[in-house]
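So the structure is just underneath, and the comments pick up after that.
The values are calculated or read from the model by the stated rules, or taken from the named source; none is laboratory data. Keep in mind that what you see is a predicted model, and the values were worked out from it rather than measured. No Cβ is skipped: glycine too gets one built from the backbone with ideal geometry, and neighbour counts run over all protein chains shown. Surface accessibility is based on the protein's heavy atoms, side chains included, excluding ligands, DNA and RNA. Shrake-Rupley method; radii C 1.70, N 1.55, O 1.52, S 1.80 Å.
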Amino acid sequence: MAAKVEIYTWSTCPFCLRAKSLLNNKGVNFTEYSIDGDEDARAKMAQRANGRRSLPQIFINDNHIGGCDDIHALERQGKLDEMLAS
């Protein structure tokens with residue numbers, strides 16, 4: 001069974017595009033929440049993301065991964081595939 005991947009984004013955010021590109025290149029299906037200008041949605045995201053309000057914010061199986069730099073760090077460390085397979 002594939003991991004449940006969720007990503008909160010802003011449509012013009014270059015870091016969001018970079019994180020989605022990594023997921024797409026890996027063939028990962030993910031749920032995207034585009035929260036452009038929606039402060040209520042951003043507040044809910046921040047609640048899930050331990051107060052982080054920057055975008056993107058990424059969750060795998062309801063575990064907060066972090067943002068673009070964090071998911072790329074997991075990829076470089078060879079840990080992302082393992083997380084996506086669980």
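What is the spin-label model distance, in nm, from ASP62 to SER86 if the labels are put 7 Å beyond Cα along the C-beta direction?
1.4
How high is the relative contact order of the chain? Use alpha-carbon pairs under 8 Å, at least six apart in sequence, and give a whole percent.
38
Just to verify a number: FRET efficiency for ASP36 and HIS72, C-beta to C-beta distance, R0 = 25 Å, to 0.05?
With a Förster radius of 25 Å, E is 0.60.
Local charge sum around LYS20 (other residues, Cβ-Cβ under 13 Å, Lys/Arg +1, Asp/Glu -1)?
0
Heavy atoms only, probe 1.4 angstrom, no DNA, RNA or ligands counted: give me THR31, THR12 ranked by accessible area, highest first.
Heavy-atom accessible area, descending, gives THR12, THR31.
For GLY66, list long-range residues whose amide hydrogen, built 1.01 Å from N in the peptide plane, is under 5 Å from its own amide hydrogen.
Distant-sequence amide H within range of GLY66: ILE58.
Got a number for carbon plus sulfur as a percent of the chain's accessible area, 1.4 Å probe?
Roughly 47 percent of what the probe reaches on the chain is carbon or sulfur.
Would you tell me the accessible area of LYS79, worked out with a 1.4 angstrom probe on the heavy atoms of the protein chains, in Å² to the nearest 10?
Counting only protein heavy atoms, LYS79 exposes about 100 Å² to solvent.
Give the accessible surface of the chain per residue, rounded to a whole number of Å², with probe radius 1.4 Å and ligands, DNA and RNA excluded.
Dividing the accessible area of the chain by its residue count gives 58 Å².
Just read off the accessible area of ARG53 with the full protein assembly in place, 1.4 Å probe, to the nearest 10 Å².
Roll a 1.4 Å probe over it and ARG53 shows about 100 Å².
Go through the stretch 59-65 residue by residue and turn each phi into a ³J(HN,Hα) via Karplus (6.51, -1.76, 1.60, θ = phi - 60°); whole Hz please, and just put x for glycine and proline.
10, 10, 6, 6, 9, 6, 8
Rounded to the nearest 5, what % of DSSP beta bridges with both residues in the chain are antiparallel?
65
What does the charge count around ALA46 come to, taking other residues whose C-beta lies under 15 Å from its C-beta (Lys +1, Arg +1, Asp -1, Glu -1)?
Charge balance near ALA46 sits at +1.
Enumerate the amide H contacts of SER34 below 5 Å, restricted to partners 5 or more residues apart or on another chain; note that Pro and chain-start residues carry no placed amide H.
Counting only residues 5 or more places away or on other chains, the set is THR9.
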